[in-house]
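What follows is a set of notes on a single structure, which appears directly below.
Every number here is computed from the coordinates shown, using simple stated rules; none is lab data. Bear in mind that the values here come from a model prediction, so they are computed numbers and not experimental data. Here the Cβ positions follow ideal geometry from the backbone for every residue, glycine too, while neighbour counts run over all protein chains shown.
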Amino acid sequence: MEKLKIVGGRPLKGTIKVDGAKNSAVALVPATILAESPVTIDGLPDISDIHMLSGLLEEIGGRVTFEDGRMTVDPADMVAMPLPNGKVKKLRASYYLMGAMLGKFKKAVIGLPGGCHLGPRPIDQHIKGFEALGAEVTNEQGAIYLRADELRGAKIYLDVVSVGATINIMLAAVKAKGQTIIENAAKEPEIIDVATLLNNMGAKIKGAGTNVIRIDGVDKLDGCRHTIIPDRIEAGTFMILAAAAGEGIVVDNVIPLHMESLTAKLREMNVPVEIGDDQIFVGKAEHLKAVDIKTLVYPGFPTDLQQPFTALLTKAKGSAVVTDTIYPARFKHVDELRRMNATMKVEGRSAVVSGPVKLCGAKVKASDLRAGAALVIAGLMAEGITEITGLEHIDRGYSNLVEKLSSLGAELWRETLSEEEQAQLKSG
Ligand code: EPU
């Protein structure tokens, strides 16, 4: 086990490059199961969730190579091997194996997914979709059993706008007989990316990126080549850290359209932001003004940037209310930021942040992926040294973070925890 040590207050400058989108990657990789011949995906992030998924594809007989962001999956020998335990429980996105294996083999056994603890994260809408397509779905001892004699297209209205359910139903429906219509579908860019891969494989999906998706089932999907979209959450994290501790930072490899809600909020705070074709420049931010944020489904302000943004708000003058309508309990970072001298409290579904305050380095723990990002940003802003544990969460979603931030002039490094520190961590 390791900890991350950050010496705060270093001026950060230069260019930082964004990798492929994690939340797209975790669906693209399982989607390869549906093909009959090799699929190559370029630009994948080197994060633990992707290594875990590639291990799962190997467990079911896939042949996988992954080097320099390029993954090739040969699904020819894959079988419907049950995966009730093991790696599936370590990440949320293992639920995409349900849709992909059901779509390909008409059966699957997948342990209920793990991932970040952000409060309740049900998968009832995924299951509603699978059942509408004709699958029998049961939960036996913590694993979901799916089986269908035949999958038939259906009209499915999602009661909750869900990224995971929208993608999972697409995966299960691409080879179903007839037409599937997903109504009240999520519109996130990652959904368009997955639909693009599937269409390149031969699927017939229309309307991805709108709230009605139409899928005409096909008999066979073939291999193809696909380049993933940039990670708008990693890009947003870098824009926020540039506003928090930067003296002029170019965030490279972005789709500026995906960043509009964040760009608007940063400008509202007085952060200088300039938009290029595939780069965004964030200038040195002074005299920041507190702004309220409310997370919403895309194109609203993303829940995945709420925690990093909360860290930035400690530098702004005034009081800000941060409300998460997607995950109302996603506030585990608040106590840790308070250890670093932040003035903030949770009130119902919101956190109230008052500033400006000078953050001080402290020993803190990342409870989940984006809480980890918030602590890294706080550590870069703080006076003194911050020590962050719980790095396994950060490693799930940010590749080469130490190298990337060092290239901007940050002083940070990873250290192995002593036995005493490990024991302390385990005892809570
Ligand atoms: N929901 C239900 N029933 C369902 C599915 C979702 O009630 O069957 C609820 C959830 O509890 C939540 C809301 O609907 O309140 C939205 O959840 P959604 O299904 O959209 O989330 P997800 O697919 O499980 C993905 C990302 C999350 C990101 C959310 C929202 C992956 C693997 N995860 O989760 O990413 O926060 O969409 O955009 O793609 C992260 O990257 O840190 C992360 C948590």
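Let me check I've understood the local charge: for D216, count other residues with C-beta under 9 angstrom from its C-beta, Lys and Arg +1, Asp and Glu -1. What total comes out?
Taking every other residue near D216 into account, the sum is +3.
Peptides 233-245, 415-427, 215-227, 395-407: what's the order by average Cβ count within 10 Å, highest mean first? Display every interim value, and only then the final one.
Working: 233-245: 27.3, 415-427: 11.1, 215-227: 16.6, 395-407: 18.7.
Top of the packing list down: 233-245, 395-407, 215-227, 415-427.
Roughly how many nanometres apart are two label points built 7 Å out from the Cα toward the Cβ at E140 and D222?
Going by the 7 Å Cα→Cβ label model, 3.8 nm.
Kirkwood hydrodynamic radius, computed over distinct alpha-carbon pairs, for segment 45-120: how many Å, to one decimal? If you can, show how the numbers build up before the last one.
Numbers: mean 1/r = 0.0774 Å⁻¹.
Computed over Cα pairs of segment 45-120, the Kirkwood hydrodynamic radius comes out at 12.9 Å.
Using only C-alpha positions, report the orientation-averaged shadow area of the convex hull of segment 1-75, nm², one decimal. Present the calculation step by step, with values, prior to reporting the outcome.
Details: hull surface 27.5 nm².
Dividing the Cα hull surface by four gives the mean projection, 6.9 nm².
In whole Å, largest first, what are the principal axis extents of the Cα atoms in segment 290-391?
36, 30, 23
Run through every distinct alpha carbon pair of segment 86-173 and return the Kirkwood hydrodynamic radius in angstroms, one decimal place.
12.9
Among residues other than N341 whose Cβ falls under 13 Å from its Cβ, what is the net charge (Lys/Arg +1, Asp/Glu -1)?
Neighbourhood net charge equals +1.
What do you get when you divide the Cα radius of gyration of segment 154-205 by 2.2 N^0.38 Å, with N the number of residues?
That ratio works out to 1.05.
Setting aside same-chain residues fewer than 8 positions from K5, which aspartates and glutamates have a Cα under 12 Å from its Cα?
Excluding near neighbours in sequence, the set is E387, E411, E415.
Please state, rounded to one decimal and in Å, the Kirkwood hydrodynamic radius that segment 22-227 gives when every pair of distinct Cα atoms enters the mean of 1/r. Don't skip to the end; give the middle numbers.
On the way: mean 1/r = 0.0611 Å⁻¹.
Kirkwood radius, segment 22-227: 16.4 Å.
When the convex hull of the C-alpha atoms of the chain is computed, what volume per residue in Å³ does it have?
Convex hull volume per residue, Cα atoms: 128 Å³.
For a protection proxy built on the mean count of beta-carbon atoms within 10 angstrom, sort 148-161, 179-192 highest first, please. Write out the running numbers ahead of the final one.
Working: 148-161: 15.9, 179-192: 20.7.
Descending mean neighbour count gives 179-192, 148-161.
Taking amide H positions as placed in the peptide plane 1.01 Å from N, state which residues far from C360 in sequence (5 or more) or on other chains have amide H under 5 Å from it.
Hits under the 5 Å cutoff: N341, E383.
With charges only on Cβ, +1 for K and R and -1 for D and E, what is the dipole size of the chain about its Cα centre, in debye, rounded to 20?
940
Round to a whole angstrom and tell me the spacing of the C-alpha centers of segment 163-213 and segment 363-418.
Each part reduced to its Cα centre gives a spacing of 35 Å.
Under a cut-off of 22 Å between alpha-carbon atoms, report the lysines in cross-link reach of K284, not counting same-chain residues fewer than 8 places apart.
Reachable lysines: K13, K17, K265, K315, K317, K358, K404.
Give the peptides 56-65, 98-107 in descending order of average Cβ contacts within 10 Å, highest first.
98-107, 56-65
Where does the chain land at 222 nm, in deg cm²/dmol rounded to the nearest 500, when only DSSP H runs of n ≥ 4 count, each adding -39500 (n - 2.57), divided by all residues?
Computed ellipticity for the chain at 222 nm equals -9500 deg cm²/dmol.
Would you mind calculating the relative contact order of the chain from Cα pairs under 8 angstrom and at least 6 residues apart, reporting the percent as a whole number? Intermediate values should be presented prior to the final figure.
Numbers: 1063 pairs, mean separation 86.8, N = 428.
RCO, the chain: 20 percent.
Rounding to the nearest 10 and keeping the result within 0 to 90°, find how far the Cα-based axis of helix 232-245 lies from the longest principal axis of the chain.
The two axes meet at around 0 degrees.
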